[in-house]
Amino acid sequence: MELHTLTTETTDPRERGTLLGARFGAQVRRVAELYREHFALLGMPVEQVRDIAGRSHEALRAWAPDLAEESDACADAAGVERWAVAAVGARTEILAGCPSPGKGECSTAVFAPAGAAPQTVQTWDWHDLLVPEALLHALTPSEGRTVKLFTEFGAPGKIGVNSAGLGVHFNILFHASDSASGGVPVHAVARRILDEADTLDQAVEIASTARVSASTSLTVVTAGSSAASLELSPAGLAVVPAAEDGWLLHTNHFLDAGLAAADTGPADSMTAERLAHLREVRGAMPGLPPAERAKAFCGDAGADAVVCMRPDEHKPPHEQWGTLLTVGLDVTRCAIDYLAGAPHEAPTAGLARF
């Protein structure tokens with residue numbers, strides 16, 4: 001995965017989208033095409049994809065009109081139909097309607113002890129054929145506010161941090177209430193929290209107002225050493241706080257007991273094994289610089305750690321998963337430490353800072 005960077009200083013969402021689509025038009029068009037092909041392989045006719053994307057986009061327009069405007073402007077500048085870009089932004093909502101949506105394999109560890117700066121690390125695992133290129137975007141949603149985020153071309157946000165000292169990690173979840181009804185895109189929920197929230201309470205309030213049709217965990221951490229996973233689902237929102245020792249670990253199953261009762265994560269997911277791994281290695285991570293923290297995230301198993309995903313070449317390309325990104329958030333300095341690769345590579349390759 002090749003990572004590009006972009007800094008936009010305008011507070012106008014349409015101008016921001018235009019800048020994004022003009023600068024990275026080829027990437028926006030390519031990702032939209034790749035997702036259309038992927039959905040077709042998963043049994044989703046283009047008419048159904050367009051329908052879900054359209055309903056999600058209208059839900060977005062009602063909930064966060066600026067983000068809908070940004071998406072439309074990006075599509076216009078890139079020379080691609082607006083619904084096709086909206087489909088990338090709503091890809092989790094479209095997957096919720098797929099006969100076989102696949103599995104999610106992301107692992108997040110946050111250490112937010114009282115009186116100390118939080119330390120975080122996450123792996124982002126996805127299909128590499130869908131993300132040949134991705135974006136690190138520094139933007140200005142309002143005067144005096146900076147947001148830095150990692151995302152796919154066409155998606156409003158994913159993992160990031162803001163200048164108020166708040167960061168967001170992202171893990172997909174699966175729930176019996178998920179549907180093809182086309183709710184507010186969960187990627188837009190992550191973005192709006194980064195754009196507007198200064199505190200954990202404000203993040204919870206924003207998330208609670210979104211009518212979603214797909215499930216996701218947004219792990220929010222602040223410079224004040226507060227942290228919680230916001231588990232979103234159509235059945236409701238649950239807030240899972242960090243433990244008393246400051247640790248908050250999340251993979252791809254619900255931690256809230258009520259929502260967990262209707263968890264529908266794929267049977268072949270390694271989510272439980274990855275969470276157990278994080279519990280085993282967490283004691284070695286505090287106090288380490290980002291690259292060493294990523295190494296400790298793997299533990300003694302190194303490249304063979306369950307949190308380091310490698311594509312299974314015996315499967316069709318659209319069923320192959322790999323760790324595409326290792327990322328940590330520095331909420332006190334509004335910075336993202338990242339590596340386009342798995343955490344075991346960090347000691348050699350290092351983590352860059354954005």
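The values are calculated or read from the model by the stated rules, or taken from the named source; none is laboratory data. All of these numbers come straight from a predicted model, not from anything done at the bench. In this analysis, Cβ positions are derived from the backbone assuming ideal geometry, glycine residues included, and neighbour counts consider all displayed protein chains. To get the accessible areas, we keep the full protein, side chains included, count just its heavy atoms, and leave off ligands, DNA and RNA. Shrake-Rupley method; radii C 1.70, N 1.55, O 1.52, S 1.80 Å.
Here are a few things to note about the model shown:
- Any hit, the stretch 276-292, residues being in contact with a helix residue (DSSP H, G or I) (Cβ under 6 Å, 6 or more places away or on another chain) and open to solvent by 70 Å² or more (accessible area, probe 1.4 Å): no
- Candidates are the residues of the stretch 14-46 that are open to solvent by 60 Å² or more (accessible area, probe 1.4 Å) and touching a strand residue (DSSP E or B) at 6+ places or on another chain (Cβ under 8 Å); the one that is nearest to Pro65 (Cα to Cα) is Leu19.
To keep it simple, each residue is scored yes or no on (1) at pLDDT 95 or above; (2) in a helix (DSSP H, G or I); (3) hydrophobic (A, V, I, L, M, F, W, C).
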position	(1), (2), (3)
His4	yes, no, no
Leu20	yes, yes, yes
Tyr35	yes, yes, no
Glu70	yes, yes, no
Cys74	yes, yes, yes
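- Helices (runs of 4 or more DSSP H) completely within the stretch 239-331 that count 3 or more residues being within 29 Å of Thr348 (Cα to Cα): 271-281, 290-298
- Residue in the stretch 332-353 that is surrounded by the fewest Cβ atoms within 10 Å (Cβ to Cβ), counting only those that are more than 20 Å from the chain's Cα centre (by Cα) and in a helix (DSSP H, G or I): Thr348
- Positions within the stretch 229-253 being without any contact (Cβ under 8 Å) to a residue 40 or more places away in the chain, surrounded by fewer than 23 Cβ atoms within 10 Å (Cβ to Cβ) and not β-branched (Val, Ile, Thr), in sequence order: Gly236, Leu237, Ala238, Pro241, Ala243, Glu244
- Just one residue in the set Thr11, Thr5 is open to solvent by 70 Å² or more (accessible area, probe 1.4 Å), over 24 Å from Ala180 (Cα atoms), out of contact with any helix residue (DSSP H, G or I) (no Cβ under 8 Å at 6 or more places or on another chain) and of a type in the set (Ser, Thr, Tyr); that residue is Thr5.
- Test: residue in the stretch 303-324 that is within 22 Å of the chain's Cα centre (by Cα), among the acidic types (Asp, Glu), modelled with pLDDT of 95 or more and open to solvent by 20 Å² or more (accessible area, probe 1.4 Å): no
- Of residues in the stretch 241-300 being of a type in the set (Val, Ile, Thr) and out of contact with any His (no Cβ under 7 Å at 6 or more places or on another chain), the one nearest to Ser177 (Cα to Cα): Thr251
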